[in-house]
Amino acid sequence: MIRKLPFIGIIDDDKIYQFTLMRIINDNKQAEKIITFSDGEKAIHYLTDNKSTNENIPDIIFLDVNMPIMDGWQFIDEYASIKTEIKKKIVIFMLSSSVNPIDIERASKINEISDYIIKPMKLEEVKMFFDNF
């Protein structure tokens, strides 16, 4: 059986990191489609506007912690309030260059976050992640 490739969302204000992660995913043919947002607010608006169309909702979101306008924590709070309106399960991975144990513990206590990943993700990590998805 052929596995369906996921639709990926990347929410990160760092355009270079967005590009790098997209390039790794695309070069290794790990996604059907990728959509990017530079802050959580734009991503929340997108999810709200598309909540009734599953094909427009990412399967996986890579969410940066530190961003202007709406950071990762604020995004998660907003997402938690709208997730029942979205009929598709979204797996959210929080990305951060922070190795602060407080951030890691905070993320582990939030049901909407599947895992906390230290940036930058290396090619081997991305491949292993998608092999296990």
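Derivation of every value follows stated rules applied to the coordinates shown; laboratory data play no part. It should be emphasised that the depicted structure is a prediction, and the values quoted were computed from it without experimental measurement. FYI the Cβ positions are ideal-geometry reconstructions off the backbone, even for glycines, and counts take in every protein chain you see.
Taking every alpha-carbon pair within the chain, the share separated by more than 19 Å comes to 46 percent. When the chain is treated as a GNM with alpha-carbon contacts under 10 Å, the residue of N100, N54, N111 showing the greatest mean-square fluctuation is N100.
Once the Cα-Cα distance is subtracted from the 0.36 nm per residue extended length, the L123 to Q74 segment shows a gain of 14.8 nm. Taking a Cβ cut-off of under 12 Å around D13, the surrounding Lys, Arg, Asp and Glu residues balance to a net charge of -4, with basic ones at +1 and acidic ones at -1. A run of the chain free of exposed loop cleavage sites, with trypsin sites (Lys or Arg not before Pro) counted only in DSSP states other than H, G, I, E and B and at most 11 other beta carbons within 10 Å, reaches its longest extent at 30-86.
The GluC sites (Glu not before Pro) of the stretch 27-133 meeting both criteria, a DSSP state outside H, G, I, E and B (loop) and at most 15 other C-beta atoms within 10 angstrom of the site's C-beta, are E32. The GNM of the chain, with springs linking C-alpha atoms under 10 angstrom apart, assigns the highest mean-square fluctuation among T48, T84, T20 to T84. Near I113: Cβ cut-off under 13 Å, other residues only, Lys/Arg at +1 and Asp/Glu at -1. The net charge is -3.
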